[in-house]
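The values are calculated or read from the model by the stated rules, or taken from the named source; none is laboratory data. What you see is a predicted model; the values in this text were computed from it and never measured. Cβ placement follows ideal geometry from the backbone for every residue including glycine, while neighbour counts extend to all protein chains displayed. To get the accessible areas, we keep the full protein, side chains included, count just its heavy atoms, and leave off ligands, DNA and RNA. Shrake-Rupley method; radii C 1.70, N 1.55, O 1.52, S 1.80 Å.
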Amino acid sequence: MKRPVVLVVTRRTSRKHKFIDYVGEFHLHLLIRLRTLPIMVPVAEGARACLSQYMADMRGLLLVEGEDIEPKRYQHEQANIRHLEKTHALKDEIEIRLARHALRHNLPILGICRGSQLLNVIRGGTLYGDVQREKQSALKHINYGEHYDDYRHPVSVVPATPLAKWYRRPTLLVNSYHHQGVRRLGRHLQAMAHAGDGLIEAFYDPRYRFVVGLQFHPERMLEEYAGNWRVWQAFGAAVHQASAARNPKRTRGQPRG
């Protein structure tokens, strides 16, 4: 079986003054488990020229963590400038171009953490520059201490949404690694979960095969809720459906052209 391609854009770090592009193995492992073919798109100079070839094979797009999104990409406020941390303009550009292509062709998109924020921006939404400071919330959205990975906070699930179907419960305890977040949802996007301070933690666009944004990381909580795996299963199923739609099998007796 030829596996359908899911693109995921890398994140850049440096080691001994050399740039390294990487994607977390949690994501890659799950994409392989879903019988898709993960292809990493580098945030390297010259990558723009390769995007059309990447797009030709893409059957799904995974948008994951990374730096702050540049405020010029959306209708920003002064707080977005004041609280801005490190950005990466090339990563923004590559992911935006890939996501717009995916939307034009109804290819599945799963946005996680920064990926959900970028997806919201592409649909015309806006972001908080720093959720906790701007909302003056007692709720932590990131814990920089020793409980960085095991910190959880509750969210309320909106009934009759895909998230409610996947998790089958009204509330969840989710991980949290972000300081930016959705201020205003973009066009046609519908909320699926809210934190206690009102922040939107999940959304989707019902007009598409699969366009989902999650502020939390289900791939890091697979043992905690069955719904965390169901999210990925739904994404994988949508990718295979998109692949079948774009590459219909030739029936017996069909002319070869």
Need the list of lysines near K72 for cross-linking: C-alpha distance under 21 angstrom, and skip anything on the same chain fewer than eight residues off.
K86, K91
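Region 40-171: Rg/Rh from Cα coordinates, Kirkwood Rh?
Result: Rg/Rh = 0.99.
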Going by average Cβ neighbours within 10 Å, how do the peptides 15-23, 201-209, 50-58 rank, with the highest at the top?
201-209, 50-58, 15-23
Cα atoms only, region 67-129: Rg and Dmax in Å?
11.7, 37
Heavy atoms only, probe 1.4 angstrom, no DNA, RNA or ligands counted: give me E219, E25 ranked by accessible area, highest first.
E25, E219
For K165, counting only lysines whose alpha-carbon sits under 29 Å away and dropping same-chain residues fewer than eight positions off, the answer is K140
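Among DSSP beta bridges lying fully in the chain, give the percent that are antiparallel, nearest 5. If you can, show how the numbers build up before the last one.
Values: 23 of 40 bridges.
Antiparallel bridges make up about 60 percent of those DSSP assigns within the chain.
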Toy charge model, Lys and Arg Cβ at +1, Asp and Glu Cβ at -1: the chain dipole around Cα centroid in debye, rounded to 20, equals 1380
Check the straight Cα-Cα distances from K2 and name the lysines below 21 Å, setting aside those fewer than 8 residues away within the same chain.
K249
Given (1) 74, 47, 36; (2) 55, 41, 35; (3) 66, 46, 34, the label whose value is Cα extents along the principal axes in Å derived from this model
(3)
For H83, H76, give me the order by solvent-accessible area with a 1.4 Å probe, most accessible first, ignoring ligands, DNA and RNA.
H76, H83
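Starting from the exponent 0.38 and prefactor 2.2 Å, build the expected Rg for region 143-222 from its residue count and divide its actual Cα Rg by it. Working shown, then result.
Working: Rg = 12.7 Å, N = 80, 2.2 N^0.38 = 11.6 Å.
Its radius of gyration relative to the 2.2 N^0.38 Å reference: 1.10.
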Show me 154-163, 174-183 ranked by packing, highest mean number of other Cβ atoms within 10 Å first.
174-183, 154-163
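Please state the shape class of region 20-70: rounded when a/c is under 1.5, otherwise prolate if a/b exceeds b/c and oblate if not, all from the C-alpha gyration tensor.
On the way: a/c = 1.95, a/b = 1.18, b/c = 1.65.
Oblate, since a/c reaches 1.5 and b/c is not below a/b.
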